[in-house]
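Asker: Could you have a look at this structure, given as structure tokens, before my questions?
The values are calculated or read from the model by the stated rules, or taken from the named source; none is laboratory data. As the structure is a computational prediction, the values presented were derived from the model and not from experiment. Reconstructed Cβ throughout: ideal geometry from the backbone, glycine too, with neighbour counts over all protein chains shown. SASA here: full protein model, heavy atoms, side chains in, ligands and nucleic acids out. Shrake-Rupley method; radii C 1.70, N 1.55, O 1.52, S 1.80 Å.
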Amino acid sequence: MSKQDNQWPLWEVFIQSKTGLPYKHAGSVHAPDKEMALQNARDVYTRRSEGTSIWVVLSDNIVASNPDDQEAFFDPANDKVYRHPTFYVMPEGAKHI
Amino acid sequence: MENQELEILFQQKIDREEKIEPKDWMPEAYRKHLIRQISQHAHSEVIGMQPEGNWITRAPSLRSKVVLLAKIQDEAGHGLYLYSAAETLGVTRDEMLNALHEERAKYSSIFNYPTLTWADIGAVGWLVDGAAIVNQVSLQRTSYGPYSRGMVRICKEESFHQRQGYEIMAHMAQGTPEQKAMAQDALNRFWWPSLMMFGPHDSDSAHSAKAMRWKIKRETNDELRQKFVDKTVQQVEVIGLTIPDPELKWNEEKGHYDFGEINWDEFYNVISGNGPCNKQRLSHHKKAHDNGAWVREAAEAYARKKQKSVAA
Ligand SMILES: [Fe+2]
Ligand SMILES: [Fe+2]
């Protein structure tokens, strides 16, 4: 690497496109602090009013599941079909249930 | 698991059209290929701001000035989306910039041509962004998730770019004879370099076969180039200009236009650093980066100071 030239910490950007909707990951930005992270996220990801609200989170603070363990990790949900409404037998003719 | 086994599973996943995400296992060569392609794509967006920036202060009206500014700002955004996608592969922004400055990474050769007249700004938006759109629409289906999502975002923004360029060309083509001649001249100079943007013929493209198998690329260079020609010819006719290619002809049988051979000597010459503006583009980028160093340092010092005062 040439000279030390810090590009600032990395932040992940989440945008809510309309009130009431969930926040969605949009990408990342570099910024020295949270205010600038928000401003940079606004300039980079919402130039056409794509958002009503933005979250920024230091990338280092995100904990993600490991895709290699995906099967074992999500396994507990696999044998619990009774969590779905289709598991239950309804009496013939019952309505609105 | 052995690498060989992992590689088979990886290819099966790709064949099922499942996206690869940052933490998924991937062959080193796949990662390398993506870092090279995405970072060079990012560099192209950023270097591409220069030929257009050349005309901001001389845009002929306030309307065209705000439009051009917004367009160039979008390109900066495109660069950032792409750098951020590349970073998910474990390369840092610094490493990418250094590779550009040390001429280990390339950018699209089209941006090494000068923008001599206002009509060139029309030609760039219409043809250069037009060619980029054909490529990027195809890349929306690329196999790497972050790259694909970046492409979707970029494609939404590109159609304004192409339309603003075409509007300038249409306007000038209907103007005085001098203005029309200027538009034709811009088309003459930008037509062939735009076709070169799709890269060498498939048979001569070193990386193509692998990139197709991994579905990083979804269509070949020649297929994309043909698409661009097919859709652009009619747009040229509508504004009464002429494509500078005597061999351009509709081929009824194929359902495509035939067109002349690209001057590949010129292509390789520009790629290897000898185009009209290579030196200027790179030295300007370095200068802007170095001139911004104090801003980066100051913002960092300010952030540190604020953190201290919170802690105190
Ligand atoms: Fe772009
Ligand atoms: Fe563009």
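Asker: Within straight cross-link reach of B:Lys231, meaning Cα distance under 15 Å, which aspartates and glutamates are found once same-chain residues fewer than 8 apart are removed?
Answerer: Qualifying aspartates and glutamates at Cα under 15 Å: B:Asp129, B:Asp222, B:Glu223, B:Asp258.
Asker: Please report the antiparallel percentage of DSSP beta bridges with both residues in the protein assembly as shown, rounded to the nearest 5.
Answerer: Numbers: 15 of 16 bridges.
Of the beta bridges lying entirely in the protein assembly as shown, close to 95 percent run antiparallel.
Asker: When all protein chains stay in place, what accessible area (Å², nearest 10, 1.4 Å probe) is found for B:Ser84?
Answerer: Counting only protein heavy atoms, the figure is 10 Å².
Asker: Round to the nearest 10 and report in Å² the accessible area of B:Met212, as given by a 1.4 Å probe over the protein chains' heavy atoms.
Answerer: 60 Å²
Asker: Roughly speaking, what % of Cα-Cα pairs in the protein assembly as shown are separated by over 33 Å, rounded to a whole number? Show your work: numbers first, answer last.
Answerer: On the way: 34889 of 83436 pairs.
Of the Cα pairs, 42 percent sit more than 33 Å apart.
Asker: Continuing with this model, one more query. With every protein chain present, what is the per residue accessible area of segment A:10-83 (1.4 Å probe, Å²)?
Answerer: For segment A:10-83, the solvent-accessible area averages 67 Å² per residue.
Asker: Can you list which of the chymotrypsin sites (Phe, Trp or Tyr not before Pro) found in segment B:1-49 are DSSP loop residues with at most 15 other C-beta atoms within 10 Å?
Answerer: B:Trp25
Asker: Would you be so kind as to identify which of B:Gln174, B:Ala206, B:Val310 lies farthest towards the positive end of the dipole of chain B, taking Lys and Arg as +1 and Asp and Glu as -1 on Cβ and the Cα centre as origin?
Answerer: Checked the options; the winner is B:Val310.
Asker: Once the mean 1/r over all distinct Cα pairs of segment A:49-92 is inverted, what Kirkwood radius in angstroms do you read off?
Answerer: When all Cα pairs of segment A:49-92 are included, the Kirkwood radius is 15.1 Å.
Asker: Given Cα pairs under 8 Å that are at least 6 residues apart, what percent is the relative contact order of chain B? Please report the intermediate quantities before stating the final value.
Answerer: Numbers: 332 pairs, mean separation 57.3, N = 312.
That works out to 18 percent.
Asker: For segment B:145-256, what is the Kirkwood estimate of the hydrodynamic radius, computed as the reciprocal of the mean inverse distance between distinct Cα atoms, to one decimal in Å? Intermediate results must be reported in sequence, preceding the final value.
Answerer: Values: mean 1/r = 0.0612 Å⁻¹.
Result for segment B:145-256, one decimal place: 16.3 Å.
Asker: Which whole number gives the average, over all residues in A:27-36, of C-beta atoms from other chains lying within 10 Å of the residue C-beta?
Answerer: Across the residues of A:27-36, the mean count of other-chain Cβ atoms within 10 Å is 6.
Asker: Counting only protein chains, not ligands or nucleic acids, how are A:His96, B:His289 ordered by accessible area (probe 1.4 Å), most first?
Answerer: Numbers: A:His96 190, B:His289 30 Å².
The ranking, largest first, comes out as A:His96, B:His289.
Asker: Quick one: order B:Trp191, B:Trp264, B:Trp294 from most to least accessible surface, probe 1.4 Å.
Answerer: B:Trp294, B:Trp264, B:Trp191
Asker: Could I ask something else about it? Of A:Lys24/B:Lys217; B:Lys19/B:Lys215; A:Lys34/B:Lys305; B:Lys227/B:Lys254; B:Lys32/B:Lys217, which sit over 19 Å apart, Cα to Cα?
Answerer: The answer is A:Lys24/B:Lys217.
Asker: Which of the lysines could a cross-linker bridge to B:Lys71, judged by Cα under 20 Å and excluding same-chain residues fewer than eight apart?
Answerer: Once the sequence-local lysines are set aside, what remains near B:Lys71 is B:Lys156.
Asker: By how many degrees, 0 to 90 and rounded to 10, does the Cα axis of helix A:34-45 deviate from the longest principal axis of chain A?
Answerer: 70 degrees
Asker: Using the C-alpha atoms of chain B, what convex hull volume per residue, in cubic angstrom, is computed?
Answerer: On the way: hull volume 52.7 nm³, N = 312.
Residue-normalised Cα hull volume stands at 169 Å³.
Asker: Counting pairwise Cα distances across segment B:124-174, what percent come out greater than 17 angstrom?
Answerer: 39 percent
Asker: If you wrap a convex hull around the Cα atoms of chain A, how much volume per residue is inside, in Å³?
Answerer: 171 Å³
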